[in-house]
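Colleague: Have a look at the structure that comes next, please.
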Number of protein chains: 2
Amino acid sequence: MPFSRIYYLYLSPNRAYIRKLKNVLGFVPGNIKLYKMAFRHKSVAKTIKDGVKNSNERLEFLGDAVLGSVVAELLFKLYPYKDEGFLTELRSKIVSRVNLNQLSRKLGLNEFIEYDARMISYPNKQSSLLGDAFEAVIGAVYMDKGYAFTREFLLNRIIKPHVDIHMLEVTETNFKSRLIEWCQHFGKEIQFVQVANPPGDSSKLFHVEVVIDGETCGFGKDFNKKSAEKLAAEKACELLKIFEVEEFSR
Amino acid sequence: MPFSRIYYLYLSPNRAYIRKLKNVLGFVPGNIKLYKMAFRHKSVAKTIKDGVKNSNERLEFLGDAVLGSVVAELLFKLYPYKDEGFLTELRSKIVSRVNLNQLSRKLGLNEFIEYDARMISYPNKQSSLLGDAFEAVIGAVYMDKGYAFTREFLLNRIIKPHVDIHMLEVTETNFKSRLIEWCQHFGKEIQFVQVANPPGDSSKLFHVEVVIDGETCGFGKDFNKKSAEKLAAEKACELLKIFEVEEFSR
């Protein structure tokens, strides 16, 4: 056992925290400050310089990018005969807030997150607190251990045991029905309106807007009208932060 | 000189192509098929299986992700006291179609691209042909040589010599004036309309739509009204494929 490992696990003033983190991540973290930052929601962060806070938002930016790259490669190799539209859609299901929130809970990251309960209404299903922390942890692992390690960690510790890609592949995330259900629940009027091509666009794309109580909440375009509606519904779900359907379903 | 290198440069039936490519990329490519695919626009691609074509679109998906990750790390380290909003905005300037098209031209990738001139109107400034091929080449390098190599290649061969990050930082990509100018040029009526919050959203965000000739072409929201307009204009520029202002400027 190398000395640094002995130090971290048995001698460091942070040893209790490091051991607990090791149980979750499966490896001994090196730079513990990175992980502490990854779990710090902006509601409890302090300003460090020039108005920038020591919250997890910067690490989330980095982790989001690294995760996107690792998942892109995985899907590229896993589906050699699928086009980039398929790959893009499947990746966005894998890295969706809903999925990352669930992963975060499964791994037990929720026990590490620091946040100010007076400022944010967590736990609730519309919160992205868990998924954000998940991405920030990926950023921390990357800064701590590099790309190759993070890639292995994601593939072997997270994706293989916890993500059922083939199920996600066949599961249609039905944004349209999710949105319609939400509108029914809250007594909102919803319309999918096909609009003319924008000026300068002579393509045969369908342009569809989702209009809820008279306001445009989403827009989509595709060569297929149903797909354009789906895209518009997805945008509206994003805008209105309608992540999970169970919360308001009858 | 290792034998594989001698073979590729002097003996392979592809040696002329490989040498030319080496001059552009700065290294001897390994799997030449990947690079040929990276330069193949879908207009000249053949269907290989299950309707999937051997075009550069899949590699573009992969390269886009790898580029995003490398640039994210670069900015994360280069700007330790900037928040994630700044990092996100600067990254999107660096990986914008305009910038990638320019990089592609600077590197001379245009000489390699295969496309069907009857099907796409290239060269024109609204085409994303060059930038798409640039991303696909990144994907090819990644598949050929791995992440560490691709990262070094991007940082030392592409970004350091060709991308002026600090200039991009201060250059305001003024989507609003670009869009207004475009509308004037084509005699379109443009309005920025502030709309009420969507149902369920009680935040103090400003919601702004760009309406061109009566049709919503973009939407933005921000705590600052000007920023919401800027975001809406950016979306509209994206939708209408208004990449560069010179083309229609007076």
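Colleague: Would you confirm, using the coordinates I've provided, whether A:Val71 is under 23 Å from B:Ala140 (Cβ atoms) and hydrophobic (A, V, I, L, M, F, W, C)? If you could, list the steps in order and put the result at the bottom.
Modeller: Numbers: under 23 Å from B:Ala140 (Cβ atoms): yes; hydrophobic (A, V, I, L, M, F, W, C): yes.
Against the criterion (under 23 Å from B:Ala140 (Cβ atoms) and hydrophobic (A, V, I, L, M, F, W, C)), A:Val71 qualifies.
Colleague: Okay, moving on. Right, A:Phe153: assigned by TED's automatic domain parsing to the domain that holds A:Ser69 and either in contact (Cβ under 8 Å) with a residue 60 or more places away in the chain or crowded, with 16+ Cβ neighbours inside 10 Å (or both) or not? I'd like the intermediate steps shown before the answer.
Modeller: Details: assigned by TED's automatic domain parsing to the domain that holds A:Ser69: yes; either in contact (Cβ under 8 Å) with a residue 60 or more places away in the chain or crowded, with 16+ Cβ neighbours inside 10 Å (or both): yes.
When the stated conditions are applied, A:Phe153 passes them.
Colleague: Quick check on my filter: what residues within the range A:84-100 are assigned to a helix (DSSP H, G or I) and in contact (Cβ under 8 Å) with a residue 12 or more places away in the chain? If you could, list the steps in order and put the result at the bottom.
Modeller: In the first step, residues of the range A:84-100 are kept if they are assigned to a helix (DSSP H, G or I); the result is A:84-94, A:97-100.
Of everything in the range A:84-100, those that are assigned to a helix (DSSP H, G or I) and in contact (Cβ under 8 Å) with a residue 12 or more places away in the chain turn out to be A:Leu87, A:Leu90, A:Arg91, A:Lys93, A:Ile94, A:Arg97, A:Val98, A:Asn99, A:Leu100.
Colleague: What about B:Ala45, is it within 14 Å of chain A (Cβ to nearest Cβ), in contact with a Ser or Thr (Cβ under 7 Å, 6 or more places away or on another chain) and under 18 Å from B:Tyr115 (Cβ atoms)? Talk me through it step by step, then tell me what you get.
Modeller: Numbers: within 14 Å of chain A (Cβ to nearest Cβ): yes; in contact with a Ser or Thr (Cβ under 7 Å, 6 or more places away or on another chain): yes; under 18 Å from B:Tyr115 (Cβ atoms): yes.
Taking the combined requirement at face value, the residue satisfies it.
Every residue, every condition in (1) crowded, with 22+ Cβ neighbours inside 10 Å; (2) in contact (Cβ under 8 Å) with a residue 12 or more places away in the chain; (3) within 14 Å of another protein chain (Cβ to nearest Cβ); (4) closer than 24 Å to B:Asn156 by Cα, yes or no:
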site: B:Tyr7; (1), (2), (3), (4): no, no, no, no
site: B:Val24; (1), (2), (3), (4): no, yes, no, yes
site: B:Val28; (1), (2), (3), (4): no, yes, no, yes
site: B:Ile32; (1), (2), (3), (4): no, yes, no, yes
site: B:Lys53; (1), (2), (3), (4): no, no, yes, no
site: B:Gly63; (1), (2), (3), (4): yes, yes, yes, yes
site: B:Ala72; (1), (2), (3), (4): yes, yes, yes, yes
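Colleague: Ok, one more. In the range B:34-51, how many are touching a residue at least 40 places away in the same chain (Cβ under 8 Å), aliphatic (A, V, I, L, M) and in contact with a strand residue (DSSP E or B) (Cβ under 7 Å, 6 or more places away or on another chain)? It would help to see each step written out before you state the result.
Modeller: Pass one, the range B:34-51, residues touching a residue at least 40 places away in the same chain (Cβ under 8 Å): B:34-35, B:37-41, B:43-44.
Subsequent filtering for residues that are aliphatic (A, V, I, L, M) retains B:34, B:37-38, B:44.
When the remaining residues are screened for being in contact with a strand residue (DSSP E or B) (Cβ under 7 Å, 6 or more places away or on another chain), the result is B:44.
Here the count works out to 1.
Colleague: Could you tell me whether the range A:99-106 includes any residue that is of a type in the set (A, V, I, L, M) and more than 13 Å from chain B (Cβ to nearest Cβ)?
Modeller: Going through the range A:99-106, the residues of a type in the set (A, V, I, L, M) turn out to be A:100, A:103.
Filter once more, so that each one left must be more than 13 Å from chain B (Cβ to nearest Cβ): A:100, A:103.
Yes, there is a match, as at least one residue in the range A:99-106 is of a type in the set (A, V, I, L, M) and more than 13 Å from chain B (Cβ to nearest Cβ).
Colleague: With the condition being buried (at least 20 other Cβ atoms within 10 Å of the Cβ), of a type in the set (D, E, K, R) and modelled with pLDDT under 85, I'd like the helices (runs of 4 or more DSSP H) fully within the range A:158-250 carrying at least 3 qualifying residues.
Modeller: On the way: elements: A:165-170, A:175-185, A:225-239.
So the answer is none; nothing clears 3.
Colleague: Determine whether the range B:80-93 contains at least one residue that is exposed (fewer than 14 other Cβ atoms within 10 Å of the Cβ), modelled with pLDDT of 90 or more, closer than 30 Å to A:Glu135 by Cβ and touching an Asp or Glu at 6+ places or on another chain (Cβ under 8 Å).
Modeller: Yes: one or more hits.
Colleague: Moving to a separate point now. Going by the structure shown, is B:Leu103 surrounded by 20 or more Cβ atoms within 10 Å (Cβ to Cβ), part of a helix (DSSP H, G or I) and aliphatic (A, V, I, L, M)? Please lay out each step first, then the result.
Modeller: On the way: surrounded by 20 or more Cβ atoms within 10 Å (Cβ to Cβ): no; part of a helix (DSSP H, G or I): yes; aliphatic (A, V, I, L, M): yes.
Spelling it out, it is not the case that B:Leu103 is surrounded by 20 or more Cβ atoms within 10 Å (Cβ to Cβ), part of a helix (DSSP H, G or I) and aliphatic (A, V, I, L, M).
Colleague: Okay, next question. Touching a Phe, Trp or Tyr at 6+ places or on another chain (Cβ under 9 Å) and in the same structural domain as B:Met119 (by TED's automatic domain parsing): is that true of B:Lys42 in this structure? Working first, answer last.
Modeller: On the way: touching a Phe, Trp or Tyr at 6+ places or on another chain (Cβ under 9 Å): yes; in the same structural domain as B:Met119 (by TED's automatic domain parsing): yes.
So B:Lys42 passes the test.
Colleague: If you don't mind, another one. Could you please find all residues in the range A:78-98 being more than 18 Å from A:Asn174 (Cβ to Cβ) and away from every other protein chain (no Cβ under 11 Å)?
Modeller: Within the range A:78-98, just A:Leu78 meets the criteria.
Colleague: Note down all Cβ pairs under 7 Å where the first residue falls in the range A:179-193 and is farther than 14 Å from A:Val211 by Cα, the second is outside any loop (DSSP other than H, G, I, E, B), and they're at least six residues apart or on different chains.
Modeller: Close Cβ pairs satisfying both conditions: A:His185/A:Phe248.
Colleague: Quick check, is B:Glu111 over 24 Å from B:Ser43 (Cα atoms), more than 8 Å from chain A (Cβ to nearest Cβ) and out of contact with any Phe, Trp or Tyr (no Cβ under 8 Å at 6 or more places or on another chain)?
Modeller: Details: over 24 Å from B:Ser43 (Cα atoms): no; more than 8 Å from chain A (Cβ to nearest Cβ): yes; out of contact with any Phe, Trp or Tyr (no Cβ under 8 Å at 6 or more places or on another chain): yes.
Here the answer is no, as B:Glu111 does not meet what is asked.
The values are calculated or read from the model by the stated rules, or taken from the named source; none is laboratory data. Everything numeric here is computed off the predicted structure, so don't read it as measured data. Virtual Cβ from ideal backbone geometry, glycine too; neighbours counted across all protein chains shown.
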